[in-house]
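The values are calculated or read from the model by the stated rules, or taken from the named source; none is laboratory data. What you see is a predicted model; the values in this text were computed from it and never measured. Note that we place each Cβ from the backbone using ideal geometry, even for glycine, and neighbour counts take in every protein chain shown.
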Amino acid sequence: MAPERVRALLKEIPGWTLQEGRLRRDLVLKDFAEAIRLVCAIAAVAEAEDHHPDLHLTGYRRLVIELYTHSIGDLSENDFVLAAKLEALPRELKK
């Protein structure tokens with residue numbers, strides 16, 4: 001994707017950043033159970049979209065979501081669509 005297009009689409013998904021050619025979202029959830037609940041919700045959306053993020057759960061409640069299109073090894077518009085859908089999922093963050 002052209003860098004201008006990436007910048008424009010990134011503005012549509014606040015909270016997401018571009019890091020090493022991937023979309024990234026860092027979350028600190030309320031607790032471990034909330035982190036696992038969100039991972040399961042993300043999995044359901046990803047399966048429905050047939051587009052799967054990399055998920056990293058560390059420190060029992062810190063979740064990092066990374067998106068890029070594996071088949072092309074780069075970003076595609078589908079990554080931004082999925083990011084917006086994941087952003088819409090309810091979650092309880094650490095207070």
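Let me spell it out: the conditions are (1) surrounded by 11 or more Cβ atoms within 10 Å (Cβ to Cβ); (2) out of contact with any Lys or Arg (no Cβ under 7 Å at 6 or more places or on another chain); (3) not hydrophobic (A, V, I, L, M, F, W, C), and GLU20 meets all of them except one. Which number is the exception?
(1)
Does segment 33-49 contain any residue that is free of Cβ contacts under 8 Å to residues at least 12 places away in the same chain, out of contact with any Cys (no Cβ under 9 Å at 6 or more places or on another chain) and within 20 Å of LEU9 (Cβ to Cβ)?
Looking through segment 33-49, none of the residues is free of Cβ contacts under 8 Å to residues at least 12 places away in the same chain, out of contact with any Cys (no Cβ under 9 Å at 6 or more places or on another chain) and within 20 Å of LEU9 (Cβ to Cβ).
If I go through segment 29-55 residue by residue, how many of them are loosely packed, with under 12 Cβ neighbours inside 10 Å and under 17 Å from GLU87 (Cβ atoms)?
3
Which numbered condition in (1) touching a residue at least 40 places away in the same chain (Cβ under 8 Å); (2) in a helix (DSSP H, G or I) is the only one that GLU12 fails?
(2) is the only condition that GLU12 fails.
Looking only at segment 1-51, which residues are within 21 Å of ILE72 (Cβ to Cβ) and of a type in the set (Phe, Trp, Tyr)?
TRP16
Could you check segment 57-73 and list, in sequence order, the residues that are surrounded by fewer than 13 Cβ atoms within 10 Å (Cβ to Cβ) and either within 20 Å of PRO14 (Cα to Cα) or touching a Phe, Trp or Tyr at 6+ places or on another chain (Cβ under 7 Å) (or both)?
Hit for segment 57-73 is TYR60, nothing else.
If I go through segment 59-73 residue by residue, how many of them are in contact with a Gly (Cβ under 9 Å, 6 or more places away or on another chain) and either at pLDDT below 95 or aliphatic (A, V, I, L, M) (or both)?
1
I'd like to check something: does segment 28-38 contain any residue that is in contact with a helix residue (DSSP H, G or I) (Cβ under 8 Å, 6 or more places away or on another chain) and over 14 Å from PRO90 (Cβ atoms)?
Within segment 28-38, none of the residues are in contact with a helix residue (DSSP H, G or I) (Cβ under 8 Å, 6 or more places away or on another chain) and over 14 Å from PRO90 (Cβ atoms).
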